[in-house]
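Working notes for the structure below.
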Amino acid sequence: MRQLLAVYRQQLKTALAEQLQYRAALIIWLIEVALGPAVSVSVWSTVARNEGGAVNGYSSAGFAAYFIATMLVNYATQTWVFWEFSRRVREGEFSPLLLRPIHPIHADLADNLAYKILMLPVITLVTLILFFAFHASIALTLANVLAFLPALVLAFALRFILEWTLALLAFWLTQVNVINQLYVVVVLFLSGQLVPLTLLPTPVQVASAWLPFQWMVAFPAELLVHRLSPPALLTGLLAQLAWLLVGLALFSLTWRLGIRRYTAVGG
Amino acid sequence: MTISATISVEHLRKVYRVYEREAGLRAALRGLIQRHAQEVIGVDDLTFRIESGEIVGFLGPNGAGKTTTLKMLAGLLYPSAGTLQVLGYLPWRRERSFLRQIALVMGQRQQLIWDIPVIDSFELNRAIYRIPSAQYRQTLDELTDLLELASLLQKPVRNLSLGERMKCEIAACLLHRPRVLFLDEPTIGLDVVMQRRIRDFVREYNRRTGATVLLTSHYMADVEALCQRIILIHHGKMLFDGELTRLIERFSPYKTIAVRLQEPASLDPYGEVIGQSEDRITLRVPKSAVAPVTARLLTEQAVIDLSVEDPPIEAVIEHIFTQQEEVV
């Protein structure tokens with residue numbers, strides 16, 4: 001365990017050094033990350049005003065708080081390995097990873113955390129700007145912050161493991177980007193980043209509850225801004241835990257089959 | 001049971017299934033419905049043992065199965081049939097304790113991270129391979145010394161030349177002091193000086209650590225300088241396994257005789273003239289005729305100087321491969 005921590009420390013240092021090389025990318029990312037919530041807040045605030053102040057319980061300030069919260073949760077849980085995995089497999093970058101006496105997922109996890117540490121000032125800045133620009137209102141209590149933290153960790157864990165499993169499809173398919181794009185659209189929609197889920201038609205809401213996506217982003221975000229009822233909180237945490245277990249099972253199966261395939265056909 | 005060798009391979013075989021289709025859009029569309037699978041034999045019935053501390057050269061033309069074999073030995077490929085063991089492990093299981101004792105150097109951009117200084121990639125490997133600090137220091141010093149890395153360690157990898165990168169790549173693979181080292185074309189694309197430096201280094205590493213080395217190379221000079229033993233494969237099959245000198249004895253039916261004459265003369269009657277420059281003539285003569293031809297040359301011509309040589313190893317190997325093609 002101590003040795004694994006040493007690997008993480010080193011991997012973090014490495015990833016930070018690597019990503020610091022691209023400081024210009026930070027600015028671009030700043031714009032990218034702020035644009036989505038800014039557009040959503042603008043649109044829904046206008047709708048709320050035209051509806052006489054609120055849509056489905058969301059006031060203009062409520063929308064602002066909600067979209068800032070989803071932006072933060074999305075930032076914390078986001079991964080991007082599935083965009084890189086097919087290149088790894090195709091260009092033989094995967095073989096050296098397989099020959100290291102450590103599972104490749106550790107490097108990706110450390111890389112992800114490093115990126116987030118690096119982006120922390122950027123996301124803080126964006127949050128403050130959006131918060132004041134759109135007059136967001138949020139009433140934080142110790143209770144909802146305490147409930148939010150485990151939900152956020154679970155959301156990260158289940159999203160990371162599911163998206164890493166998605167990435168493994170590259171072992172079978174040469175053109176995975178189409179699938180990745182489809183995935184990104186589904187996540188954007190069903191994780192509550194585009195529209196609060198309660199504004200969607202009921203059948204979609206029911207379906208969404210059985211899918212993993214809303215537990216990745218919408219649930220922790222709502223927890224932060226709405227103070228969900230205790231039953232809703234419990235249901236949410238259990239759903240996250242269940243999806244995490246499903247994710248781990250899928251991951252372990254896909255990894256085994258994927259490696260078997262990779263070592264049969266050669267990398 | 002006999003003492004197990006470092007590497008032992010028996011009746012090793014690897015068959016790939018590849019999907020083929022003809023060129024053109026119509027063929028591409030047809031390929032969506034029906035794919036033609038074809039089995040390609042990568043390695044066919046290889047058997048050999050390599051003892052601890054040996055440096056063995058793995059020779060063969062492109063597509064002979066050299067890299068496939070190395071990948072199976074390192075654990076990247078699962079064999080289709082046969083058995084193989086490395087250090088008592090089944091490589092394809094890739095147990096951590098096995099991976100900590102081997103290294104596979106395969107081209108560029110394997111270990112090093114492109115955007116950061118070389119030393120940072122080394123530090124990462126130190127953590128991953130759990131190398132104790134004292135040993136890491138010592139190994140790093142040794143490698144820095146042998147490969148002349150001192151001026152490179154602080155530079156980002158992308159600023160290094162091809163040869164510098166290869167040196168650092170090799171060093172990164174050796175920080176954990178592997179007992180078995182697989183080198184796939186370690187000198188490819190490098191200039192002569194760098195080739196020699198890497199060659200010297202491999203020999204020195206083998207001498208100092210007693211590591212077993214299996215290397216493939218296109219450059220015969222690598223093999224001649226490093227390997228007493230070579231394994232020759234072609235179309236996945238073993239053609240020869242033994243000492244380099246024996247390869248020439250066994251496979252070359254010719255020797256070359258180089259002669260310097262006092263006066264120019266035609267030497268066609270003595271053998272096939274394969275080279276002529278000023279006063280020096282090179283003849284190719286069947287092995288059995290070397291003694292009588294030499295005797296005749298010395299009595300019938302005004303010879304200043306005469307030497308009998310084996311043909312260059314490249315020529316011998318080329319000869320073997322072309323013969324094989326004819327048989328196939």
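The values are calculated or read from the model by the stated rules, or taken from the named source; none is laboratory data. Remember, it's a predicted structure, so these values are computed and weren't measured experimentally. Every residue, glycine among them, receives a Cβ derived from its backbone with ideal geometry; neighbour counts consider all protein chains shown. SASA here: full protein model, heavy atoms, side chains in, ligands and nucleic acids out. Shrake-Rupley method; radii C 1.70, N 1.55, O 1.52, S 1.80 Å.
Brief remarks on what is shown
- Between B:R246, B:R284, B:R250, the distinction of being closer than 30 Å to B:L232 by Cα and touching a Pro at 6+ places or on another chain (Cβ under 8 Å) belongs to B:R284 only.
- Any chance B:R246 is farther than 29 Å from B:F58 by Cα and free of Cβ contacts under 8 Å to residues at least 24 places away in the same chain: no
- Here A:L125, A:L146 are screened, and the one residue that is within 24 Å of A:G36 (Cα to Cα), modelled with pLDDT under 95 and surrounded by fewer than 19 Cβ atoms within 10 Å (Cβ to Cβ) is A:L125.
- As for the stretch B:297-305, it holds no residue that is open to solvent by 50 Å² or more (accessible area, probe 1.4 Å), under 24 Å from B:Q228 (Cβ atoms) and not aromatic (F, W, Y).
- When A:L72 is tested against (1) under 24 Å from A:L149 (Cβ atoms); (2) of a type outside the set (V, I, T); (3) outside any helix (DSSP H, G or I), only condition (3) is not met.
- The residues of the stretch B:229-284 that are open to solvent by less than 70 Å² (accessible area, probe 1.4 Å), part of a strand (DSSP E or B), modelled with pLDDT of 85 or more and more than 30 Å from B:L214 (Cβ to Cβ), listed by number, are B:K255, B:T256, B:I257, B:A258, B:V259, B:L261, B:V273, B:I281, B:T282, B:L283.
- Number of residues in the stretch B:177-211 that are outside any helix (DSSP H, G or I), open to solvent by 70 Å² or more (accessible area, probe 1.4 Å) and not acidic (D, E) equals 2.
- Here the stretch B:131-159 is the region considered, the condition is being among the hydrophobic types (A, V, I, L, M, F, W, C) and open to solvent by 60 Å² or more (accessible area, probe 1.4 Å), and the residue that is nearest to the other protein chains (Cβ to nearest Cβ) is B:A134.
- A residue that is more than 14 Å from chain B (Cβ to nearest Cβ) and over 17 Å from the mean Cα position of the chain (by Cα) occurs somewhere in the stretch A:147-159.
- Those residues of the stretch A:19-51 which are touching a strand residue (DSSP E or B) at 6+ places or on another chain (Cβ under 9 Å) and open to solvent by less than 60 Å² (accessible area, probe 1.4 Å), in sequence order: A:W44, A:S45, A:V47, A:A48
- Total residues in the stretch A:219-267, condition touching a Ser or Thr at 6+ places or on another chain (Cβ under 6 Å) and away from every other protein chain (no Cβ under 13 Å): 4
- Residues satisfying the criterion are absent from the stretch B:47-67 (criterion: facing another protein chain (nearest Cβ under 10 Å), without any contact (Cβ under 8 Å) to a residue 60 or more places away in the chain and at negative phi).
- In the stretch B:103-113, the qualifying residues are those that are over 20 Å from the mean Cα position of the chain (by Cα) and facing another protein chain (nearest Cβ under 8 Å), and the one that is modelled with the lowest pLDDT is B:Q111.
- Residue list for the stretch A:60-69, filter: of a type in the set (S, T, Y) and under 12 Å from A:S42 (Cα atoms): A:S60
Listed here are the residues, each with its yes/no results for (1) modelled with pLDDT under 95; (2) surrounded by fewer than 24 Cβ atoms within 10 Å (Cβ to Cβ).
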position	(1), (2)
B:L59	yes, no
B:G63	yes, yes
B:T68	yes, yes
B:Y78	yes, yes
B:L87	no, yes
B:P91	no, no
B:S97	no, yes
B:Q101	no, yes
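- Residues of the stretch B:278-326 satisfying the condition of being without any contact (Cβ under 8 Å) to a residue 40 or more places away in the chain, closer than 28 Å to B:A221 by Cα and of a type in the set (V, I, T): B:I281, B:T282, B:V285, B:V290, B:T322
- Of the residues screened, A:T14 is one that is closer than 30 Å to A:D108 by Cα and polar (S, T, N, Q).
- None of B:L174, B:L162 is modelled with pLDDT under 95, open to solvent by 10 Å² or more (accessible area, probe 1.4 Å) and more than 12 Å from chain A (Cβ to nearest Cβ) except B:L162.
- Selection status of A:L118, farther than 26 Å from A:G258 by Cα, open to solvent by 10 Å² or more (accessible area, probe 1.4 Å), within 14 Å of another protein chain (Cβ to nearest Cβ) and in a helix (DSSP H, G or I): yes
- Test for A:L26: is it farther than 27 Å from A:L162 by Cα and among the aliphatic types (A, V, I, L, M): no
- Count of the stretch A:194-231 residues which are closer than 20 Å to A:V145 by Cβ and exposed (fewer than 14 other Cβ atoms within 10 Å of the Cβ): 3
- Count of the stretch B:114-130 residues which are part of a helix (DSSP H, G or I) and facing chain A (nearest Cβ under 7 Å): 5
- A:F171 vs. criteria open to solvent by less than 30 Å² (accessible area, probe 1.4 Å), under 28 Å from A:P96 (Cα atoms) and more than 12 Å from the chain's Cα centre (by Cα): yes
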